[in-house]
Each structure stands twice: as C-alpha cells, then as structure tokens.
1. Is it the case that some residue within the stretch 53-61 is assigned to a loop (DSSP other than H, G, I, E, B), among the β-branched types (Val, Ile, Thr) and touching a residue at least 12 places away in the same chain (Cβ under 8 Å)?
2. Report yes if Gly4 is part of a helix (DSSP H, G or I) and either touching a residue at least 40 places away in the same chain (Cβ under 8 Å) or within 11 Å of the chain's Cα centre (by Cα) (or both), otherwise no.
3. For the subset of the stretch 42-70 comprising residues that are closer than 18 Å to Met1 by Cα and of a type in the set (S, T, N, Q), which member is surrounded by the fewest Cβ atoms within 10 Å (Cβ to Cβ)?
4. What number of residues in the stretch 7-51 are among the hydroxyl-bearing types (Ser, Thr, Tyr) and in a helix (DSSP H, G or I)?
5. Among the residues of the stretch 14-41, count how many are of a type in the set (Ser, Thr, Tyr), at pLDDT below 90 and either closer than 18 Å to Glu59 by Cα or surrounded by 15 or more Cβ atoms within 10 Å (Cβ to Cβ) (or both).
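The values are calculated or read from the model by the stated rules, or taken from the named source; none is laboratory data. For clarity, every value in this text was computed on a predicted model and none was experimentally measured. Glycine gets a Cβ as well: all are built from the backbone with ideal geometry, and neighbour counts include every protein chain shown.
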Amino acid sequence: MIMGVRFRPGGAYRFLPLPLDKLSNRTIPTGDIWDLDGKHLEESVVEAHDNAERERLVEEFLMRRLAMST
C-alpha cells in the first residue's frame with residue numbers, strides 16, 4: 001500500500017526528524033523515518049478498514065509529532 005502526505009511549502013520540517021533533501025523524490029517506509037513509531041503507524045494503516053480510518057490514523061500521528069516539536 002502506498003499513501004502520501006502533501007505538506008504546504010515550509011511546513012514539513014516540523015514533522016520530520018531529518019532534512020527534506022533525504023526524502024525528496026523517494027519512497028521511504030515510515031519506519032525508516034520515525035523508527036518504531038513509524039512502523040506502528042504503517043501496521044495500523046495497513047490493518048485499517050477503510051480510507052477514512054487510514055486518514056484519521058495518519059492525521060493523529062502527525063498531530064502528535066507536531067505537539068512533540070513545539
């Protein structure tokens with residue numbers, strides 16, 4: 001399964017633990033970006049029943065990451 005998130009210009013850095021140039025134009029497993037938390041997200045998204053649940057899971061994950069960055 002492939003799922004993407006599009007950030008507004010200049011907005012992604014608050015969510016990501018590495019420079020954006022390491023991610024540009026590449027497909028990278030979430031576990032490679034956020035370690036165990038990313039792996040758990042990936043598993044939850046795969047097991048979700050529908051796209052609405054998948055979207056909710058990703059949004060909640062990103063909101064937790066945002067709270068941790070402030």
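1. No: zero hits.
2. Working: part of a helix (DSSP H, G or I): no; either touching a residue at least 40 places away in the same chain (Cβ under 8 Å) or within 11 Å of the chain's Cα centre (by Cα) (or both): yes.
It is false that Gly4 is part of a helix (DSSP H, G or I) and either touching a residue at least 40 places away in the same chain (Cβ under 8 Å) or within 11 Å of the chain's Cα centre (by Cα) (or both).
3. Asn51
4. Number satisfying all stated conditions: 3.
5. Start the filter on the stretch 14-41 by keeping residues that are of a type in the set (Ser, Thr, Tyr), which leaves 24, 27, 30.
In the following step, the residues that additionally are at pLDDT below 90 were identified as 24, 27.
Retained after the next criterion (residues that are either closer than 18 Å to Glu59 by Cα or surrounded by 15 or more Cβ atoms within 10 Å (Cβ to Cβ) (or both)): none.
So the count comes out to 0.
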